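I have placed the structure first, in the form of structure tokens, so that the comments after it can refer back to it.
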Amino acid sequence: MTLTHHRFNKFDTLSPSIQEGINSDYVSDIKNWERRKLSNFNASRYRNLCSVNGLQALIGKSYLLNKPKTQIMRNLYTFPESGMLGVFSQLHEGKKITLTLEGHNCEVIADSKKELMFRDWLDMFFVTLILRDHFSHLPILLGLPDNIISKPYSSGQMDGFELAFAELCKGMFKPYADMRKLRDKVVEASAHFYVEWEEQKEYVNHLYLPLVELICVVHSAERESHYQSSLLHALQAHKAYYDNEDRSHDAEAMIALCITGITAYAYDRFGLVPEVETDYMPLWLVKGEFPTYDEAFPEIKALPKPIRSDFEFTAENLPRTEPELTRIYEAALKWAKEERELPPLSDVIGRDIDSKQVNKNIVGEIFIDVLGNDWVLTLYSMEPSLIQDPQAWLAAMTTRWQEFIAQFSADAITNVKFIECD
């Protein structure tokens with residue numbers, strides 16, 4: 001049977017100008033995402049990237065507009081990559097970690113300001129199933145502690161419904177999990193929405209509880225006889241929830257990612273093929289018949305290979321008079337502290353330097369000293385740093401270092417180089 005989409009079946013009836021307007025908005029959204037990705041994916045601004053909700057809207061619009069599968073998959077592959085930025089930040093707070101997004105890498109000191117919401121965890125979990133765990137995120141998502149999966153209330157109390165739902169999802173990968181018992185706990189925990197969260201009754205009834213039942217049916221002995229009806233019920237409930245003026249354009253409305261994730265899992269594990277055809281659940285996603293990551297991002301092969309390396313900047317043949325050399329040294333401290341493409345300056349020598357506040361794009365620590373009998377001004381890394389584009393970075397920093405030193409001596413000899421790590 002066929003279940004019509006609340007928007008797709010109406011799209012072709014729109015005037016060409018309205019259709020073009022929707023397409024123009026989509027193209028603009030893609031350009032904004034690309035611009036934000038390039039400018040914000042670094043050590044200081046990675047938290048400012050597009051939200052998973054924004055990416056979900058791109059996935060839905062690309063499908064609505066019948067874009068090539070490669071474009072749809074670009075958005076879908078990016079969805080968990082972007083969402084996991086918050087997961088890794090929560091898991092490794094205060095530690096240096098390396099993040100990856102669409103072939104780009106950045107090294108950051110993780111912090112918990114980029115919070116993870118339960119809906120984000122749920123969507124990433126099921127998108128991971130659609131992608132057949134391409135990024136090996138599944139063990140991480142399954143192993144997250146409760147306080148990361150579900151944000152505690154201001155009182156410190158955890159949301160029992162969200163945690164029970166998460167346990168049911170985790171049970172899909174536990175051989176001896178009692179799925180009926182886990183389902184009953186979710187249903188029981190949902191009761192608080194009927195007492196305290198009046199406005200969320202409809203959301204829970206139409207979107208969450210049908211998912212719970214579908215998961216349970218997939219793992220039951222009655223899957224062969226009950227799967228199709230349970231799947232249809234979940235899809236119809238999804239449509240009923242979003243088929244109104246207030247919600248029809250919501251990001252989650254276009255493609256039912258959670259339902260699609262469950263059906264992909266059921267197809268892979270039990271060979272269950274959906275009998276219903278609907279744009280809410282693209283069958284090619286269910287069957288895994290989509291472009292690979294390399295096919296979706298062919299440009300990645302041409303990206304420069306990042307390195308993690310120490311480096312050294314030197315300046316020789318500088319004035320040797322004590323007042324002048326001190327002036328150059330202090331200016332170098334200020335320059336290094338304000339240079340975005342250098343790691344932070346060591347507090348030992350930089351804490352008292354009057355400089356403007358700068359968000360650094362590279363993680364690590366640098367030190368500056370005057371070395372040897374020849375009084376060589378030397379800036380060096382105290383630990384290896386991740387350099388995304390080594391050649392471009394080396395060329396840019398060579399020029400900037402030369403220009404800085406030239407202010408103090410036209411005869412100075414400068415050099416910038418990487419130092420191989422043992």
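The values are calculated or read from the model by the stated rules, or taken from the named source; none is laboratory data. Note that the coordinates shown come from a computational prediction; the quantities given were computed from them, not determined experimentally. Don't worry about glycine lacking a Cβ; one is built from the backbone with ideal geometry, like all the others, and counts go over all protein chains shown. Heads up: the accessible areas ignore ligands, DNA and RNA and are worked out on the full protein's heavy atoms, side chains in. Shrake-Rupley method; radii C 1.70, N 1.55, O 1.52, S 1.80 Å.
Between the listed residues Gln228, Gln388, His134, the Cα displaced farthest toward the positive end of the dipole of the chain, a dipole computed from Cβ unit charges relative to the Cα centre, is found at Gln228.
Compactness check for the chain: Cα Rg over 2.2 N^0.38 Å is 1.23.
Please compute the length gained on full extension between Lys31 and Thr292, using 0.36 nm multiplied by the number of residues separating them and subtracting their Cα-Cα distance. List each step's numbers first, then the result.
Working: separation 261, 0.36 × 261 = 93.96 nm, distance 2.25 nm.
Gain on extension, Lys31 to Thr292, equals 91.7 nm.
Cβ-Cβ distance of Met1 and Leu65, R₀ of 25 Å, FRET efficiency by 1/(1 + (r/R0)^6): the value works out to about 0.45.
When the solvent-accessible surface of protein heavy atoms is calculated with a 1.4 angstrom probe, in what order do Tyr176, Tyr77, Tyr329 fall, highest first? Intermediate results must be reported in sequence, preceding the final value.
Numbers: Tyr176 215, Tyr77 5, Tyr329 55 Å².
These residues rank, largest area first, as Tyr176, Tyr329, Tyr77.
Here the simple spin-label model places points 7 Å from the Cα toward Cβ, and for Glu222 and Ala240 these points are separated by 1.9 nm.
For the chain, what does the relative contact order come out to in percent, with C-alpha contacts under 8 Å and a separation of six or more?
Details: 588 pairs, mean separation 69.3, N = 422.
Once normalised by length, the contact order is 16 percent.
Shape analysis of segment 300-422 based on the Cα gyration tensor places the equivalent ellipsoid semi-axes at 25, 16, 13 Å, largest first. Phi angles across segment 304-321 convert, under the Karplus curve 6.51 cos²θ - 1.76 cosθ + 1.60 with θ = phi - 60°, into 3J(HN,Hα) values of x, 7, x, 10, 10, 8, 7, 8, 8, 10, 10, 9, 10, 6, 8, x, 9, 6 Hz, Gly and Pro given as x.
Distant-in-sequence amide contacts of Phe311, defined by a placed amide H-H separation under 5 Å and a gap of 5 or more residues or a different chain, comprise Ser381, Ile419. Among Ser62, Ser28, the order of accessible area from largest down is Ser28, Ser62, computed with a 1.4 Å probe on protein heavy atoms.
Modelled spin-label separation between Glu93 and Asn147, with each label point placed 7 Å from Cα along the Cα-to-Cβ direction: 0.7 nm.
Spin-label model, Arg247 to Phe418: label points 7 Å out along the Cα-to-beta-carbon direction sit 5.2 nm apart.
Restrict the search to segment 279-367; then list the trypsin sites (Lys or Arg not before Pro) that DSSP places in a loop and that have at most 12 other Cβ atoms within 10 Å of their Cβ. Working shown, then result.
Details: sites: Lys287, Lys301, Arg308, Arg320, Arg327, Lys334, Lys337, Arg340, Arg351, Lys356, Lys360; in loops: Lys287, Arg320, Arg340, Arg351, Lys356, Lys360.
Sites meeting the loop and neighbour criteria: Arg320, Arg340, Arg351, Lys356.
Which residues among segment 267-299 fall inside the zone where the amide N is under 19 Å from a point 7 Å beyond the Cα of Asp133, along Cα→Cβ? Under cut-off, by backbone N: 267-272, 286-289, 293. Using θ = phi - 60° in the Karplus curve 6.51 cos²θ - 1.76 cosθ + 1.60, the 3J(HN,Hα) couplings for segment 276-293 round to 8, 9, 7, 6, 5, 9, x, 5, 5, 6, 4, 8, x, 9, 9, x, 6, 4 Hz; x is entered for Gly and Pro.
Classified by the C-alpha gyration tensor, segment 122-270 has a rounded form. Its axis ratio a/c, with a ≥ b ≥ c, is below 1.5.
Could you calculate the contour length gain from Glu277 to Thr100, that is, 0.36 nm times the residue separation minus the distance between their Cα atoms, to one decimal place in nm?
Numbers: separation 177, 0.36 × 177 = 63.72 nm, distance 3.52 nm.
Residue separation times 0.36 nm, minus the Cα-Cα distance, leaves 60.2 nm.
In order along segment 171-180, the Karplus-derived 3J(HN,Hα) couplings, from 6.51 cos²θ - 1.76 cosθ + 1.60 at θ = phi - 60°, round to x, 4, 10, 10, x, 10, 5, 8, 5, 5 Hz, and Gly and Pro are given as x. Taking the average, over residues, of other Cβ atoms within 10 Å as the packing measure, peptides 168-174, 211-217 rank 211-217, 168-174 from highest down.
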